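Reading through the structure tokens given below for one structure.
The values are calculated or read from the model by the stated rules, or taken from the named source; none is laboratory data. A quick note: this is a predicted structure, and the numbers were derived from the prediction, not measured. Cβ placement follows ideal geometry from the backbone for every residue including glycine, while neighbour counts extend to all protein chains displayed. Ligands, DNA and RNA are excluded from the accessible area calculation, which covers all protein heavy atoms including side chains. Shrake-Rupley method; radii C 1.70, N 1.55, O 1.52, S 1.80 Å.
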Amino acid sequence: MSSHFARYESFLVKNVSTISSLESTLRSITWILPGRFRDAELASEALSASLNVMSMYHDTLLEKVVQADPKYKALIPPSLHTRYTRAWSEKDSLYKWAARVLQLVRFTELLIEMGLRRKVSQRNRWRGIVLLEVIKAVSRLVLLRITRRPVLTPPIPEREFDPSAIPLDAEAVSPTLAPSSPPSSLPVTPEHLKNNHEPLPLHPLLTPPPPTQSPQQVEDFLLPKALNTSSVKPPTALIATLASPKDWLSEIIYILRPLVYATMLSRKRRNTNPLMVILMMELLARNMRRVPQRSAQLERAEYALRDRDMLWYILRGSIWESWTKPKLEAFANKTANAPLLGLFSALMRDWVPLIDEYHYCESSIPTAPHPPPSAQTASLTPSNRHCTLVLLIRSHRLRVVHVIFMLACLLQASVRALG
């Protein structure tokens, strides 16, 4: 079995540029497959999940190849995210495997839900969804326990090099396959070119123009290359540890949001509203988290990503049913016969039913997914600090209040990000 893996690794390294182009092409096809034939969404998601899993394996292999080649030198230094996640993966094997399990579940969760929807009952389907959320929550808590720092998204290093820049002599750099034949010799220089040392004069059109750069342009070019505090810190110290119980509680609440959300949807209680609860947990975790220093670039980038991901709440629950979905359907109807916009509207019509039917329709988004339409009419018990707002939530006002509450959360996130 190991020999088969070694041969595949050697084949991958030899044809890495072609395989990368093929992955990109197949990934583009997955966007247009839904709605084309029966069970097209299942085929599309199976292809997408397979590509994601294979890409994760390929990234791991290519990283070994790059590290084993002393001649390879990256054009740009690795990002802070790559330095941090790679250092923890190399330092702790439990972190590496917990991060891989988390990514593997995120890649395949929608495919698993599609299979459960076709093979088992609705109740067992939701049990499977809750089980997936338990695995993800446990994995994130393990990462939190190991690092004692906020969990990044994604928790594994990403590919940051050009596959075409890897040396073509794959047999010499393959980490698992020994070379089977000596490398070929350099091509022989023809006789009539051996003594040709006289360079031809450059054409005036090919002569480079004289330098006209101003000192300000030179300064703008050199400033990004200057060292800062993050450049000299150890990779594992790019994010400060969680010091106070408030910081720990904020991170734990943020991790448990999807699990609480899926559990409430699976029970379908009438006296609770999963969307409102998840929004309150999101806002509570955001208000309790610490304010990172200006030099903590990686932590600030992670918090900015979490704030931007709050926009995906417009695709969930009553916000989706009462505001987002009608807007998209109206736009699709108006642009159905337009020359170029008609293609986009047709693609939108194919994807809207998937958002209605599947809990994990946005598996690529690192936030809690949206609820199914069946959860949009639930109510919320007034047992939280937003009592004034909760007392307004009644039958005909429920959808409007959801939209207003979501806009208020987004406004607060934007103000804090700008500040």
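Of the residues screened, residue 63 is not one that is open to solvent by 50 Å² or more (accessible area, probe 1.4 Å), under 30 Å from residue 228 (Cα atoms) and either part of a helix (DSSP H, G or I) or touching a Ser or Thr at 6+ places or on another chain (Cβ under 7 Å) (or both).
What are the pairs, 6+ residues apart or on separate chains, where a residue within the range 16-31 that is without any contact (Cβ under 8 Å) to a residue 40 or more places away in the chain has its Cβ under 6 Å from a residue that is surrounded by 12 or more Cβ atoms within 10 Å (Cβ to Cβ) and among the polar types (S, T, N, Q)? These pairs meet every condition: 30/44; 30/48. Only one of 302, 282, 321, 329 is free of Cβ contacts under 8 Å to residues at least 40 places away in the same chain and among the acidic types (Asp, Glu); which? Every option except 329 fails the conditions.
If the condition is being surrounded by 16 or more Cβ atoms within 10 Å (Cβ to Cβ), among the hydroxyl-bearing types (Ser, Thr, Tyr) and in a helix (DSSP H, G or I), then the range 1-44 contributes 10, 20, 44. Among the residues of the range 117-135, the ones that are under 18 Å from residue 40 (Cβ atoms) and either touching a Leu at 6+ places or on another chain (Cβ under 8 Å) or modelled with pLDDT of 95 or more (or both) come to 1 in all.
Within the range 102-133, the residues that satisfy the criterion of being under 23 Å from the mean Cα position of the chain (by Cα) and open to solvent by 60 Å² or more (accessible area, probe 1.4 Å) are 104, 112, 131. A Cβ distance below 9 Å, combined with a sequence gap of six or more or placement on separate chains, defines the contacts here; from the range 128-148, residues that are over 19 Å from residue 267 (Cβ atoms) and in a helix (DSSP H, G or I) reach residues that are open to solvent by 40 Å² or more (accessible area, probe 1.4 Å) and of a type in the set (Phe, Trp, Tyr) in the pairs 144/248.
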